[in-house]
DNA sequence: ACCTCGTCCTGGTTGC
DNA sequence: TGCAACCAGGACGAGG
């Protein structure tokens, strides 16, 4: 499940091969990818666009064109790029022929991913309505984080998954950050003490940075555009480790369901 | 305004 | 061994 570190890994690997390149021919196979726009219409619009930059905001990948338009890609669960790519790739949903003769392929087993072509003036408003602070930027202060959590009765795990509170954290990094900050996932977000919020902010930034340094985590499906795997899964302290001893205290890691998501934590280190 | 739950989707795993 | 039920979850909209 691509979260901020995985998307950042994809971004940094796509960047050198895409910047300056022109989309010569675009084929979109999966009609769901561009909903509600028609895939053929989007493919036609993309043809001739030249890539100026490849950016990221939260879990969104932003292919910025010289025209000022942007292709906003969300990989959701199993979306991914392969570049360069040959003819055959399983679950291919789209392909872009670039002006250097290489092919950028896009695959998505579960077809949740989306491609959205935005006009120059549309991007900021689109993102502003959906995601909050970028956790690795200096503007993501403890005060700002505290404001985003204030008054919320939802469990902190659920609040971390809310992209408007903090952009880019998903199920895996939420559990890892809460373990590091010694906070119980069911703790009501609005009841966290200022010290706990500061600790959680540090933990979120730490696990995301570590994730980027490890090129993300590869569980089942995730592969980076070069076909490589991340190694962050070897750093997991709780995610997917139900029954194993906590690295800090030896207590078996527990699994519960929070906000509809599998949630792992140490029942001894992480008290409500 | 806030929160929870159902929906989308496929393939790997589990259980009978 | 075969097959069906279950499970994984990011974002979004409906409903409480």
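The values are calculated or read from the model by the stated rules, or taken from the named source; none is laboratory data. Please read these numbers as outputs of a predicted model, since none were measured by experiment. When we count neighbours, we look across all protein chains shown, and the Cβ atoms used for this are built from the backbone with ideal geometry, even at glycine.
Brief remarks on what is shown
- Residue among A:213, A:177, A:181, A:254 that is closer than 30 Å to residue A:150 by Cα, within 16 Å of the chain's Cα centre (by Cα) and without any contact (Cβ under 8 Å) to a residue 40 or more places away in the chain: A:177
- Considering the range A:115-160, the residues that are closer than 30 Å to residue A:39 by Cα and in contact with a helix residue (DSSP H, G or I) (Cβ under 9 Å, 6 or more places away or on another chain) include one that is farthest from DNA strand B (Cβ to nearest atom), namely A:118.
- Residue in the range A:76-88 that is over 16 Å from the mean Cα position of the chain (by Cα), within 16 Å of DNA strand B (Cβ to nearest atom) and under 26 Å from residue A:216 (Cβ atoms) present: yes
- Selection of strands (runs of 3 or more DSSP E) fully inside the range A:75-145 by the criterion of at least 2 residues being within 16 Å of DNA strand C (Cβ to nearest atom) and in the same structural domain as residue A:12 (by TED's automatic domain parsing) returns A:79-82, A:103-108, A:114-118.
- Test: residue in the range A:203-218 that is farther than 30 Å from residue A:108 by Cα, assigned to a helix (DSSP H, G or I), in contact with a helix residue (DSSP H, G or I) (Cβ under 7 Å, 6 or more places away or on another chain) and more than 16 Å from DNA strand B (Cβ to nearest atom): yes
- Residue count for the range A:224-272, restricted to those that are within 14 Å of DNA strand B (Cβ to nearest atom) and either under 27 Å from residue A:90 (Cβ atoms) or outside any loop (DSSP other than H, G, I, E, B) (or both): 8
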